[in-house]
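**Q** Here you go, one structure.
The values are calculated or read from the model by the stated rules, or taken from the named source; none is laboratory data. Here the structure is a predicted model, which means the values were calculated and not measured. For neighbour counting, all protein chains shown are included, and Cβ atoms are generated from backbone atoms with ideal geometry for every residue, glycine included. For accessibility, only protein heavy atoms count, side chains too; no ligands or nucleic acids. Shrake-Rupley method; radii C 1.70, N 1.55, O 1.52, S 1.80 Å.
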Amino acid sequence: MAHFGDLEAWFVTGSQHLYGPDVLKTVQQHADTIAKALAVSPQIPVKILLKPVMTGSESIQQLCLEANSSGKCVALIAWMHTFSPARMWIAGLRSLNRPLLHLHTQFNQELPWSTIDMDFMNLNQSAHGDREFGFIGARMRLKRKIVVGFWQDAEVQAETGAWLRAACAWHDAQRLKVVRFGDNMRNVAVTEGNKVSAEIKLCYSVNGYGVGDLTDSIQQVSDAEVNKLTDEYDESYRVSESLRQGGCHRKSLQDAARIEIGLRHFLAHNGAHAFTDTFEDLHGLPQLPGIAVQRLMAEGYGFGAEGDWKTAALVRAVKVMGQGLTGGASFMEDYTYHLKGPGQVLGAHMLEVCPSITEEKPSAEIHPLSIGGKADPVRLVFTAGSGKAVNATVVGLGNRFRLLVNQVTLIPPEHDLPKLPVARGVWIPEPNLKVAATGWILAGGSHHTALSRALKSEHLESFADMAGIEYLLIDTTTTIANFQKELRWNDVYHHMADGF
Ligand code: MN
C-alpha cells in the first residue's frame, strides 16, 4: 500500500546463465509473483518495482547506478533465488548508495517431499544462494538489513515494511532543510552541536534566519486569510470562551492564526520541512508560536524548541516513518516525575506538543507564559492517548551522533490535571523509571525527544543503521551493568570505525 506517493523500492533477483534460459524465465516469473505480493501488502508502504533477473556484473552495476540517480528509488531489495556468484555483485554494491535489504526467502514454503528432484533443488536454492550473497556483504562490510522467512508471512512483510519506512525517512533526510529562527536558548549544552557534521552524516542542512525574516512573512498575511483560519480553529477545537468571536482574547487568537500562516508561507518558500524557534528571540512576534507549531507538526513538519535542530530533524524523520500509521508523533520533553511506585514521567512542553498523539478533541486555550516576556500565547491542550510508544533523541557527542531510544507505555493520568495549561502525556518507561533514567543520563540523552506512538524501536534502529550512527535501546531487557558495557564498547568501536 503506497503511503509514500511515488517512492519505490526495487526488487532485484540474482541468478546466473549456468541454468539455461528456461530456468531464468521461471526465476523471473517467481520474482514477479513475490514482488506483486509485496506491492499489495498493507505492510509495505512504497511501490515495489520488479527489475530483470541479474546475471552479470555489468548489468548489476548499471542497475545500482540507476538506483543512485533515481529520485524515486529509496532502497533495493535483493533475493538470490538460485546461485548468483557474488563477485559479479562487487562493482555494483560498491557503487550503490541506496539502503540494501537482503530478503532471504524461498519461493516455495514447503518441501515437496514426494516429488522433489534435482531440477527442483537447482531452482530453489536460495538456502545457499543467499549465503553466497551474504558473504560478499560481510566481506565488503556493507550496511544491510537481512529479513528471513517465507515471503507471504505477515512477519516478513512487516519487518520489510518497517525497514522501508526508515528508508523513506532516510530518503527525506537527503534533501531536508531545517529552518532555525534565532540561535538556541542561551547556555544550553545539549541542544548545541555540529551542523557540518550533521550534514555530512545525517544529510539534512540546518540554516539560521533572523526572526525578523519571519516577522516580515507574518506581516504580509491578509485579514481575510486570518479570518478563514480562525473559523477553522473554531470548528476543529473546543475553543475557550475568551478566544471565541466577541471574546476578550479574540485578538490573541487572530495573532496566533497570523503567525501560523506566516510561518507556513516562510517554510514553504524556503522548501523546509522542519524548524526551530526560541522564546529568547521573538523580536517582532506578539507571542511565542504555540498553536501554529502544534498544527504544523500535525501536518508532518519537524520541530525543536529552544533552537534544538537535532530534535527538529528527528521529529521530521519520525513523522515520515510513521506516515499512514495510526498513533502520531510529537516533539516532547521529559518534564516532571511521579516517583511513587515504578515511577512515571509527565511529558509536556511550554506549548509545543503535537495533537496527532491524542484521540481527543483538543481545547484551544490562552494562558500566560511565565518566561519570554511576550503576550499570552494560544495553545492546544489535550492528553496523549494510551499505549506503547518510543521516545528517542539524537545526542551530539562531538565526534559522532548517537540515537538513543526508550520504549515506553503511555497511560491515562491517574487524576485530572485541571490547572495544567499545556498538552501532556504520562508514561512509564521500560524497564522502569530507575533503570531508564539511569541509562538515559549515562548516555547523555537530551530532555528533548521525538515521541512516537506509531513506530517501534526497529524503525529507529534501521534509520540509525542507514545513517551509520550509534544506536542504543533502553527496553525491558536493559540492565545498567550491560548498558554501561555497551557504552564503553561503542566508544571504542566508533572511535576505530570512524577513524579521524
Ligand atoms: Mn524545552
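**Q** For region 149-160, enumerate the residues that are surrounded by 14 or more Cβ atoms within 10 Å (Cβ to Cβ), outside any loop (DSSP other than H, G, I, E, B) and not hydroxyl-bearing (Ser, Thr, Tyr).
**A** Result: Val156, Gln157, Ala158, Glu159.
**Q** Looking only at region 445-488, count every residue that is within 16 Å of the ligand (Cβ to nearest atom) and either surrounded by 19 or more Cβ atoms within 10 Å (Cβ to Cβ) or of a type in the set (D, E, K, R) (or both) and tell me the total.
**A** Of the residues in region 445-488, 6 are within 16 Å of the ligand (Cβ to nearest atom) and either surrounded by 19 or more Cβ atoms within 10 Å (Cβ to Cβ) or of a type in the set (D, E, K, R) (or both).
**Q** Of all residues in region 198-229, count the ones that are open to solvent by 60 Å² or more (accessible area, probe 1.4 Å) and either in a strand (DSSP E or B) or free of Cβ contacts under 8 Å to residues at least 40 places away in the same chain (or both).
**A** Total satisfying the criteria: 11.
**Q** Let me ask another. Identify all residues within region 272-305 that are out of contact with any helix residue (DSSP H, G or I) (no Cβ under 6 Å at 6 or more places or on another chain) and within 14 Å of the ligand (Cβ to nearest atom); write none if there are none.
**A** Once the filter is applied, which keeps residues that are out of contact with any helix residue (DSSP H, G or I) (no Cβ under 6 Å at 6 or more places or on another chain) and within 14 Å of the ligand (Cβ to nearest atom), region 272-305 yields Asp277, Phe279, Glu280, Leu288, Gly290, Val293, Ala305.
**Q** Could you tell me whether Ser356 is touching a residue at least 40 places away in the same chain (Cβ under 8 Å), polar (S, T, N, Q), under 13 Å from Gly425 (Cβ atoms) and within 16 Å of the ligand (Cβ to nearest atom)?
**A** no
**Q** Within region 380-395, is even one residue open to solvent by 10 Å² or more (accessible area, probe 1.4 Å), within 16 Å of the ligand (Cβ to nearest atom), touching a helix residue (DSSP H, G or I) at 6+ places or on another chain (Cβ under 6 Å) and closer than 20 Å to Glu486 by Cα?
**A** yes
**Q** Report whether or not Pro45 is open to solvent by less than 40 Å² (accessible area, probe 1.4 Å) and in a loop (DSSP other than H, G, I, E, B).
**A** Answer is yes for this residue.
**Q** Conditions: (1) modelled with pLDDT of 95 or more; (2) farther than 20 Å from Asp183 by Cβ. Trp309 meets all but one. Number of the miss?
**A** Trp309 satisfies every listed condition except (2).
**Q** When you scan region 243-267, how many residues do you find that are among the polar types (S, T, N, Q) and open to solvent by 30 Å² or more (accessible area, probe 1.4 Å)?
**A** Number satisfying all stated conditions: 2.
**Q** A follow-up question, please. Just wondering, is there one or more residues in region 227-234 that are more than 16 Å from the ligand (Cβ to nearest atom), among the aromatic types (Phe, Trp, Tyr) and out of contact with any Cys (no Cβ under 6 Å at 6 or more places or on another chain)?
**A** Yes, region 227-234 has at least one match.
**Q** State all residues of region 164-175 that are touching a strand residue (DSSP E or B) at 6+ places or on another chain (Cβ under 8 Å) and open to solvent by 10 Å² or more (accessible area, probe 1.4 Å); if no residue qualifies, say none.
**A** Trp170, His171
**Q** Of the residues that make up region 122-141, is at least one free of Cβ contacts under 8 Å to residues at least 24 places away in the same chain, at positive phi, open to solvent by 20 Å² or more (accessible area, probe 1.4 Å) and not β-branched (Val, Ile, Thr)?
**A** The answer is yes; a qualifying residue exists.
**Q** Select from region 306-351 the residues that are within 16 Å of the ligand (Cβ to nearest atom), open to solvent by 20 Å² or more (accessible area, probe 1.4 Å) and within 22 Å of the chain's Cα centre (by Cα) and list them in ascending order.
**A** Glu333, Asp334
**Q** Continuing with this model, one more query. As an exercise: evaluate Ser70 against (1) at pLDDT below 95; (2) surrounded by fewer than 18 Cβ atoms within 10 Å (Cβ to Cβ) and give the number of the one condition it does not meet.
**A** Just one mismatch for Ser70, condition (1).
**Q** If you don't mind, another one. Here are the criteria: (1) within 27 Å of Ala313 (Cα to Cα); (2) away from the ligand (no atom under 16 Å from the Cβ). Tell me which single one Leu417 does not satisfy.
**A** (1)
**Q** Restricting attention to region 176-189, which residues are in contact (Cβ under 8 Å) with a residue 12 or more places away in the chain and open to solvent by 50 Å² or more (accessible area, probe 1.4 Å)?
**A** Lys177, Asp183, Met185, Arg186
**Q** Quick check on this structure: which one of Arg175, Arg165 is modelled with pLDDT of 95 or more and part of a loop (DSSP other than H, G, I, E, B)?
**A** Testing whether each residue is modelled with pLDDT of 95 or more and part of a loop (DSSP other than H, G, I, E, B) leaves just Arg175.
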